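Taking it in order: structure first as C-alpha cells, then the write-up.
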Amino acid sequence: MMQISLYPGQRLKLRFGRRRLFGLLALLVGLGVGVALHWDERLYFYLTRQMNVTDQGVANRWLPAYRVQIDAKPIEGIARNLSAITYDTDLDRLLGVVNGGPTEIVALSKTGELLERYPLQGFGDIEGLTYMGGGRVAVSDERAQQVSIFQLPSVPRTIDSAEARFFSLGINLNGNKGFEGVTYDAAGDRMFIVKERDPRQLYEVDGVAASLDGRLQLKVRDRSDWITGQVFATDLSDIHFDAATGHLILLSDESHLVMELSGDGRMLSYRSLNGLFSDLKRSAPQPEGVTIDNDGTLYVVSEPNLFYSFRREG
C-alpha cells in the first residue's frame, strides 16, 4: 500500500485551507439565515429611519422608544394556549383568548391578573380577538378563515356559537396557517384581518357594524401589498388598529417583532421581542397577541401564558 507523507509546512497549509473552507461555509449559512429572517431589510430600515428622525414625532407610536414595564409575567389561572389580546375601551380592561382545553375568552387587568372567564362552545380554531365597542366582540377562526361576532354578556357565562353572526373568506385556505389576527376601527367601521403565512395576507372589510345593524354594505379590500412590500417578517400572528394614530400594529411570532404601519401601508417603526436585541430578559417564546390601551401602553401576550407591557419613554 502506498503511503503519502506530508511535510509540516504542507500540513499547516491544509489546516489553513480547511479553516478557510469552514469559515466560508459558515459565512454562507449565516447570510442565508439572515436573508430568510430579513435581517438585511431590518438593518436597511433602521439606518434610513435614523437619518430621518422627523418620523419619530407624536403622530407615530415610534416603537423603538417603548420600554418594558412587565416582562414575561405568568398569568395565574391560565396554564397554556394564550393566543390573543384586545383592549376593552368601555370597561378599561384587557380581553384574551385561550385556544383549547377549553376554548374561552378571558378578562384580564392591565397588570396581567385574571378577572373573568367566558367559555366558548361550538367555535372552531379561535386565534384572533378584537373588541368592537358596546360589549360586542369578534373572534377569528384560523382554519375556517371565518370571523364570528357576538355580544359579550355582562355576567360571565358560556357563549354558544349559535349566538354569533359570521362571515367567511375562503381564500387561499391553508389549514393551520389561516386567519391569525383581527382588529376593528370603530370610527371607520373597518375590520382588518391578517393571514399568518403561505402566503401572508391582509384584508380590510368595510361596513361590518352597519351590516350587523341591517344595512348590508360589506366591501372587502385586499391590502396584502402593504405587507409583501414593507413588512420584513416571516409570519404574522396578530394585528391591532391604533385609533389614536390611525396606524396598524403588526406582530410576528417567528421574527419576534412588533411593527407599525401607516394608514396607507408604509412601514414606520418596529421593536424586537428577542432578548438579544431588546430590553427583555429573555426572548418572548411565542408572541401571539398585541394591543394598545387608551393611555398608549402596549401589551403583548405569548404562549403559554406570558404577559408583557411596554410604555413609551421620551
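The values are calculated or read from the model by the stated rules, or taken from the named source; none is laboratory data. As the structure is a computational prediction, the values presented were derived from the model and not from experiment. Virtual Cβ from ideal backbone geometry, glycine too; neighbours counted across all protein chains shown.
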When the stretch 181-216 is checked residue by residue, the ones that are touching a Ser or Thr at 6+ places or on another chain (Cβ under 6 Å) and either of a type outside the set (A, V, I, L, M, F, W, C) or within 16 Å of GLY265 (Cβ to Cβ) (or both) are THR183, TYR184, PHE192, GLN201, LEU202
Of the conditions (1) under 26 Å from ILE105 (Cβ atoms); (2) modelled with pLDDT of 95 or more; (3) outside any loop (DSSP other than H, G, I, E, B), the single one that TYR270 does not satisfy is (1)
In the set LEU268, LEU306, the lone residue that is over 23 Å from LEU129 (Cβ atoms), touching a Lys or Arg at 6+ places or on another chain (Cβ under 9 Å) and surrounded by 17 or more Cβ atoms within 10 Å (Cβ to Cβ) is LEU268
Selection over the stretch 237-252 where residues are under 10 Å from TYR184 (Cα atoms) and assigned to a strand (DSSP E or B) yields a count of 4
Output for Cβ contacts, cut-off 6 Å, separation at least six or different chains, first residue without any contact (Cβ under 8 Å) to a residue 24 or more places away in the chain in the stretch 257-269, second surrounded by fewer than 16 Cβ atoms within 10 Å (Cβ to Cβ) and among the small types (Gly, Ala, Ser), reads GLY263/GLY246
Within the stretch 183-223, residues among the small types (Gly, Ala, Ser) and modelled with pLDDT of 95 or more come out as ALA186, ALA187, GLY188, GLY207, ALA209, ALA210, SER211
Exactly one of GLU196, GLU180, GLU204 is of a type outside the set (Phe, Trp, Tyr), free of Cβ contacts under 8 Å to residues at least 24 places away in the same chain and closer than 28 Å to GLU260 by Cβ, and that one is GLU204
Among residues of the stretch 76-104 being touching a Gly at 6+ places or on another chain (Cβ under 7 Å) and surrounded by 16 or more Cβ atoms within 10 Å (Cβ to Cβ), the residue farthest from TYR184 (Cα to Cα) is ASN81
SER309: passes all of (1) touching an Asp or Glu at 6+ places or on another chain (Cβ under 6 Å); (2) in a strand (DSSP E or B) but (1)
Within the stretch 187-222, residues being assigned to a loop (DSSP other than H, G, I, E, B) and surrounded by fewer than 19 Cβ atoms within 10 Å (Cβ to Cβ) number 12
Within the stretch 123-137, restricting to residues that are hydrophobic (A, V, I, L, M, F, W, C) and closer than 15 Å to THR103 by Cβ, the one that is farthest from the chain's Cα centre (by Cα) is PHE123
Scanning the stretch 140-150 residue by residue, those buried (at least 18 other Cβ atoms within 10 Å of the Cβ) and in a loop (DSSP other than H, G, I, E, B) turn out to be GLU142, ALA144, GLN145
Can you find even one residue in the stretch 115-126 that is surrounded by 23 or more Cβ atoms within 10 Å (Cβ to Cβ), touching a strand residue (DSSP E or B) at 6+ places or on another chain (Cβ under 9 Å), within 25 Å of ILE75 (Cα to Cα) and among the hydroxyl-bearing types (Ser, Thr, Tyr)? no
### Task
For the stretch 247-261, indicate whether the set of residues that are closer than 18 Å to MET132 by Cα, at pLDDT 95 or above and touching a Ser or Thr at 6+ places or on another chain (Cβ under 7 Å) is non-empty.
yes
Wholly inside the stretch 52-139, strands (runs of 3 or more DSSP E) that include 3 or more residues that are hydroxyl-bearing (Ser, Thr, Tyr) and within 24 Å of GLY296 (Cα to Cα) are 82-88
Taking the stretch 151-186 and keeping residues assigned to a strand (DSSP E or B), farther than 19 Å from ASP90 by Cβ and within 19 Å of the chain's Cα centre (by Cα) leaves PHE179, GLU180, GLY181
